[in-house]
Every structure is written in C-alpha cells, then in structure tokens.
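Notes follow the structure.
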Amino acid sequence: MRETTYFTLAALQHGPLHGYAIIQRVSELSGGRVRLATGTLYTALERLTTAGHIRVASEEIVNGRARRSYQLTPHGQTALHEQATVYAEAARIVTRPVVRPA
Amino acid sequence: MNHIERRYARLVRLYPARSPRDEILDTLLQSGQPPTLRETSALVLGALRARAGYALDRSPIRLAALAVLLYATAVDVLTSLPLDVPAIVGTPLGIAQYAVAGLAALVLHVTALFALARGAYRLSAVAAVLAVGPALVALERSGSYLNDGFWAAPVAALLVLAVNLSPRGERSNPYLWTALLPFAIVILPTGSGTVLTPGLFIEQQAMIVLVVAGLLWSAVDPRVPLAVAALALCDFLTHLTAVAAGAVVGGGSVAYGLAVTAVPWLLLLAAATAGHRRSLI
C-alpha cells in the first residue's frame, strides 16, 4: 500500500469525510508531510472505490454543487490495519532496545 | 463566477463527464487558493488518467494483444497480396502458393482481432493460435522470414492466451481496430517498403515516434507503453532470429544491432511497470 493511500484511509477511520476534509486530515495526520493535490485525491478515491476500500457515505448539495462524503468499508478497515501492523513491525526493528548477548 | 472559479472550472472540464466534476470543483474552491503549478499538473494528469480509464479491474495486456494482432494482420495483408486466383481455379495444384497461407492467416487474425475486441476471449485465442502456422508458412515461403513482422503472429498468440488467463470482460470497437489496418501496414515494421516505396522510411520514423509516445504516456496509462513494447519485441526477436540464422555477420555490429533493437522494448517495459506501480493503491 502506498503512503498516500495509507493516510487517505487513516483519515477516514473515525468517520466519513468529504474531499477537502480528507486533504486537511491527511495533512494533519502526516504532520504536513503528505499534501494531497485535489487531482491526486480524486484519482486515489476512484481507485479505492473500485478496489472496495471506501464507498460514498452521503451526498449533499452545497452552493449548487454535489459534495459527497466517503467512508471506509470493512475491507478498507482491514487493509488499513494490516498496513499499520506492517509499519509498526518495521518501526519496531529499529526502535526496540537491542539486547546483545554478553 | 469569479476569476479563480473560472480557471478551476476550465481545468475540471478536462475530466470525462462520468467523473464527479462538480465535486472536484467544490473541493478546489474550498481551498480558496488560485491554481498552483502543482495543482494544475495534478488535475491535468488526473483528467488524462480518468479519460484513459486504466484501473486495477482492467487487463494490462489486452491492448498489447490487440496491437500485435493488428500488426500480424497487417503482415498477412502483404503476404496474401500476390494471390493468384486464376491459378487456383484453373490448375489442380494452383492452391499451393504462399499467398493462400497468407490469406488463411489473414482471415484467422481478423477473426481473432474482432473476437478480442468484442470480448470473446476463447474464440480469439483459438483463432490467434491457428493463425500462427499459416502466417509463418506464408512468410517463410515468400522468402521474407527474416523480415520485420515475422514474430508478430507467435507473439500475438501468446498475448491473447495471456489475456485468457484472467479475462476481465472488456470490450472495444472492432471496426475501429479494422479501420487502423491501412495505417498499420504503412506505419508498423511490416516490410511494406518492398511494396510501397516510402514505406521503409515511414516505418523507421514511426517506430521512433511510437516508442517516445509510449514512454511519455506511461505516466497516464501503462497499457500503451506495454503495447508498443510488444511491437518492439517483435522487431527484436526478428533481429535475434536473423543473427541465429547467420544472416547478420560481423562481431561488433551484431552486438550493436541487438542492443539497438533491445533497448526500446526494455525501456518501454520498465516504463509500463513503473506506470502500473503508480496505479496501485
């Protein structure tokens, strides 16, 4: 799983968000390191929807334009947790105290 | 509609109608910022990708199979051109001419092309495999087995079989592919230079253009560089066959020739792989 995908899914783990809110949440979660361009976000949202990781939760009309919110599917939740475990394991190799035999 | 909204609206219109244009525009306007170079390039690339329609549920090699089938069909047209119909009608052994084999391969390749475009994958595989024999016989008997296009039929059959391993139910317009046939005869390395005087020059230049276009398009749709790589691979295999048959002599020139024909398809394959990895989630 790519890093931008991981943060996009992570942004949705506490509830549905619309496009701009996802961009902001991803930036917060990554400490400003991952800044999603809107064009990149919607390519990712389309692919994640096709893969069954997310789905449209609701749609409202704001200023005459459609604004849809996206939410994680159970499949997406599982994929996110699996990736989090992979990252945690990878981090543990470096951060755990090394006990060398005497 | 203010100035910023107009600029964003122009960019969002690049997306196909099935895309959530309204929603994308809404998201862009919420930032309140004018389009930056980064945002503009992401929108243009996103729109091109949306129009290309490549996704994980699409076959990465179907386009390559169609392109090489078209190539093989174009080669068949040239090998079946010298068909002597009066000889077939008037003499008992008149049917024993390489153009008849070329015509049989042509019919089978057109069938395979139509079937693959329409999503009839099994029929396409049967026709493509059956076409290999007559296509190679026609080329060998016509004395042009070391010419470009010799490997088109076998490579096309392998690609169609590979598509059959994971059929995705995709369809495209078979008549569009058939309409491309005259261009394929002149543009692709079919050996049409022996029939059409400027053919060889056009083929050489067109292949360079195709390779460059394939490399550039890899950021949008990895199926295109893969299709061009498959065409370039046919060239390489023909050159390799010529070397193996001793038709190309000279130590340094042999290695140089092989390298020159290998570099395009290897580069395209690498570009297609990178493009496919970018499309992963």
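The values are calculated or read from the model by the stated rules, or taken from the named source; none is laboratory data. In this text, all values refer to a predicted model and were calculated from it rather than measured experimentally. Cβ sites come from the backbone with ideal geometry, for glycine too, and all protein chains shown count toward neighbours. For accessibility, only protein heavy atoms count, side chains too; no ligands or nucleic acids. Shrake-Rupley method; radii C 1.70, N 1.55, O 1.52, S 1.80 Å.
Side notes on the structure shown:
- Members of the range A:11-39 that are within 7 Å of chain B (Cβ to nearest Cβ) and surrounded by fewer than 21 Cβ atoms within 10 Å (Cβ to Cβ): A:Tyr20, A:Ala37
- Residue within the range B:203-217 that is assigned to a loop (DSSP other than H, G, I, E, B) and not basic (Lys, Arg) present: no
- The set of residues from the range A:52-83 being at the interface with chain B (Cβ under 8 Å from one of its Cβ atoms) and either out of contact with any Gly (no Cβ under 8 Å at 6 or more places or on another chain) or assigned to a strand (DSSP E or B) (or both) comprises A:Val62, A:Asn63, A:Arg65, A:Ala66, A:Arg67, A:Arg68.
- For the range B:158-173, filtering for residues that are at pLDDT below 90 and surrounded by 16 or more Cβ atoms within 10 Å (Cβ to Cβ) leaves 1.
- Sole residue being touching a strand residue (DSSP E or B) at 6+ places or on another chain (Cβ under 8 Å), open to solvent by less than 30 Å² (accessible area, probe 1.4 Å) and within 10 Å of another protein chain (Cβ to nearest Cβ), chosen from B:Leu43, B:Leu25: B:Leu25
- B:Ile4 vs. criteria without any contact (Cβ under 8 Å) to a residue 24 or more places away in the chain, of a type in the set (A, V, I, L, M) and either within 7 Å of chain A (Cβ to nearest Cβ) or touching a Gly at 6+ places or on another chain (Cβ under 9 Å) (or both): no
- A count restricted to the range B:9-22 and to residues that are assigned to a helix (DSSP H, G or I) and either open to solvent by less than 50 Å² (accessible area, probe 1.4 Å) or within 8 Å of another protein chain (Cβ to nearest Cβ) (or both) stands at 4.
- Verdict on B:Gly53 being farther than 23 Å from B:Val132 by Cα, at pLDDT below 90 and within 14 Å of another protein chain (Cβ to nearest Cβ): yes
- For the range A:59-96, the set of residues classified as open to solvent by less than 60 Å² (accessible area, probe 1.4 Å) and among the hydroxyl-bearing types (Ser, Thr, Tyr) consists of A:Ser69, A:Tyr70, A:Thr73, listed by residue number.
- So B:Pro154, is it surrounded by 16 or more Cβ atoms within 10 Å (Cβ to Cβ) and at pLDDT 95 or above: yes
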